[in-house]
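Here the structure is laid out as structure tokens; the discussion comes afterwards.
The values are calculated or read from the model by the stated rules, or taken from the named source; none is laboratory data. Everything quoted here is computed from the prediction, not taken from an experiment. Cβ placement follows ideal geometry from the backbone for every residue including glycine, while neighbour counts extend to all protein chains displayed.
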Amino acid sequence: MAKIKRILVAGGAGFLGSHLCELLINRGHDVICVDNFFTSQKSNIESLLQRPNFELIRHDITLPLALEVDEIYNLACPAAPGHYQYNPIKTMKTSLLGAINLLELARESRAKILQASTSEVYGDPEVHPQREDYRGAVNPIGPRACYDEGKRAAETLFMDSYRMNLAQIRIARIFNTYGPRTHPFDGRVVSNFIRQALADEPITIFGDGSQTRSFCYYSDLVDALVRLMENEDGFIGPVNLGNPNEFTVLELGKLVWELLGKEPKFVFKELPVDDPCRRQPDITLAKEKLHWEPTVQLREGLAKTIEWFKTIDLDAFRAPTPNY
Ligand code: NAD
Ligand code: UDP
């Protein structure tokens, strides 16, 4: 029988974190979710609260934490531009102090620790598709820097801890991921488009909609995170995790209308500062080292996400920031 582990998921009440907690609980592990509920709410983990192998701790990872665990997944960080730009200094603190505190916890418990990094470490990339050895083009003084530079510095802290033999680390560079339990008011493109189209409002296209993203369904992504954590071949990353099928934002909008069987309506708004023009992961490394590639394509994943949006009561969601 596989060993039952004590696993801490920081940011475990969020979109990806709650799905990860669920997967780990279903595998029989003892899961401790740590979250300050900045961008999430209890409904994401409501069904897990009844499970005997699930515990919830309300805690902010910018403060130290003492626990005995075998593995730590660090997903705690606001991820949507409107959320991370709301209090940019707090965002930077969450990445930096959060990494320092959780790495210290990993050292004390001799736990493995995985950092949820991001495609934003590549900034507005000049190289396409992006491979892990590309060093990126981040504007260090722009409005996205609190997130991008925070995540880059967290990678540095993780790699230095590894080189100093202080912790067993893993680094995942996650590309745009979507699905049920995404915050409906997070301002991200998939949630905005579905919410707007369901309400028969025009979809807001920033710029001319020619910028691209590559969208991964949540179930593929959390599967990859667990594979990365559990691999025992000495592979620590950084590794790109995402779906390499690339779409323009306008194509995404058209697909949402098509899936709803409605006449497309668009309104064009100003492109945000430093919005990356193109983004597509090269996942050669993930295929080779983790034997992983996405299985759910955009049409199928979007249809499932739309079905989830139809079931939720938008009035029950607390918009964490006014920036959506
Ligand atoms: P999310 O906002 O739904 O989840 C983040 C969670 O972290 C929330 O529950 C939030 O309350 C919690 N949190 C924030 N600051 C905290 C703090 N100081 N202390 C404790 N908890 C805190 O976002 P998500 O999409 O689920 O993203 C999860 C992780 O994956 C993030 O680290 C994000 O940077 C990374 N990521 C996500 C994507 C994506 O497309 N979803 C892409 C790249 C990277
Ligand atoms: N976007 C858009 N309309 C919206 C929300 C986002 O056109 O209502 C665009 C945004 O400018 C970006 C892309 O969609 O080019 C993805 O944005 P998101 O905030 O989801 O993620 P990120 O920029 O972090 O990849």
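Would you point out which residue out of THR39, THR62 is surrounded by 21 or more Cβ atoms within 10 Å (Cβ to Cβ) and either closer than 27 Å to ARG227 by Cα or within 20 Å of the chain's Cα centre (by Cα) (or both)?
Values: THR62 fails: surrounded by 21 or more Cβ atoms within 10 Å (Cβ to Cβ).
The unique qualifying residue is THR39.
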request  = Consider only pairs whose beta carbons are under 8 Å apart and that are at least six residues apart or on different chains; among these, list those whose first residue lies in segment 298-312 and is within 11 Å of THR182 (Cα to Cα) and whose second residue is of a type in the set (D, E, K, R) and in a helix (DSSP H, G or I).
outcome  = PHE309/ARG195
task = Determine which member of the set THR284, THR305, THR248 is under 19 Å from GLY207 (Cα atoms) and among the hydroxyl-bearing types (Ser, Thr, Tyr).
result = THR248
request  = Please find, within segment 67-92, the residue that is surrounded by the fewest Cβ atoms within 10 Å (Cβ to Cβ) out of those that are farther than 15 Å from ILE113 by Cβ and away from ligand 2 (no atom under 16 Å from the Cβ).
outcome  = ILE89
query = Just to be sure, is LEU157 within 22 Å of GLU108 (Cα to Cα), in contact with a helix residue (DSSP H, G or I) (Cβ under 8 Å, 6 or more places away or on another chain), modelled with pLDDT of 95 or more and assigned to a loop (DSSP other than H, G, I, E, B)?
reply = no
request  = Give the residue, chosen from ALA199, ALA224, that is of a type in the set (A, V, I, L, M) and over 22 Å from TYR122 (Cα atoms).
outcome  = ALA199
task = Hey, could you check segment 185-216 for residues that are assigned to a loop (DSSP other than H, G, I, E, B) and over 22 Å from the mean Cα position of the chain (by Cα) and say which is surrounded by the most Cβ atoms within 10 Å (Cβ to Cβ)?
result = GLY209
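Has segment 36-57 got at least one residue that is in a helix (DSSP H, G or I) and small (Gly, Ala, Ser)?
Pass one, segment 36-57, residues in a helix (DSSP H, G or I): 42-48.
Filter again for small (Gly, Ala, Ser), leaving 43, 47.
Within segment 36-57, one or more residues are in a helix (DSSP H, G or I) and small (Gly, Ala, Ser).
Among the helices (runs of 4 or more DSSP H) contained in segment 223-324, which hold 2 or more residues that are at negative phi and within 17 Å of the chain's Cα centre (by Cα)? Quick ask: steps written out before the conclusion?
Details: elements: 249-260, 284-290, 298-311.
By residue number, 298-311.
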remark   = Residues of segment 223-240 being in contact with a Ser or Thr (Cβ under 9 Å, 6 or more places away or on another chain) and under 15 Å from GLY301 (Cβ atoms), in sequence order, are ASP223
